[in-house]
Amino acid sequence: MNRFTKKRAPASPDTIRQLKAWVQEILSLSADTPVSISQLQCHEPGCSPVETVIAIMLQPVQTFKIHGSIEEVTQANLLRLLRPKQPQLQDSETKHSGSEDSLDVVRSQ
Ligand SMILES: [Zn+2]
C-alpha cells in the first residue's frame, strides 16, 4: 500500500471542463476566452486546506478564489462570485449574509 499518495484526489478533467463552461456562461465570455482552473493549498489559519483559483485570461486577467477543492465548487458558488456588483453598493459595503431579495419576482403574464 502506498501511504504517501496525496490526500485529495485530483479533479477530473470533466469537472474542470464543466467549471470552465459555467464561468464562460455566467460572464458571457466567448468560447475562445481561456479560463484557467487550478487548485492550490491555502495556508491561512481558519481557511479550508485547498482553494480553487479561477483565472480568466482577459485584459487585465481576472482571478477569483473559492475556498474548497475543485470538486466542491458548484454553479451557485460561481454565480455568487462572478455576478457583477450592483453600483448602489459602492459607498456602503455592508455585508449581507445570504439573505437575498430575489424572491420578489413579478411575473408579467
Ligand atoms: Zn484562504
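The values are calculated or read from the model by the stated rules, or taken from the named source; none is laboratory data. From a predicted model like this one, the values you see are computed outputs, not experimental measurements. Note that each Cβ is placed from the backbone with ideal geometry, even for glycine, and that neighbours are counted across all protein chains shown.
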Across segment 55-70, the tally of residues that are within 14 Å of Leu19 (Cα to Cα) and in a loop (DSSP other than H, G, I, E, B) stands at 2
Within segment 53-78, take every residue that is within 16 Å of the ligand (Cβ to nearest atom) and charged (D, E, K, R) and give me the one that is nearest to Leu29 (Cα to Cα). Lys65
If we scan segment 36-52, do we find a residue that is in a loop (DSSP other than H, G, I, E, B), more than 16 Å from the ligand (Cβ to nearest atom) and modelled with pLDDT of 90 or more? no
So which residues in segment 31-61 are in contact with a helix residue (DSSP H, G or I) (Cβ under 9 Å, 6 or more places away or on another chain) and among the polar types (S, T, N, Q)? Thr33, Ser36, Ser38, Gln39, Ser48, Thr52
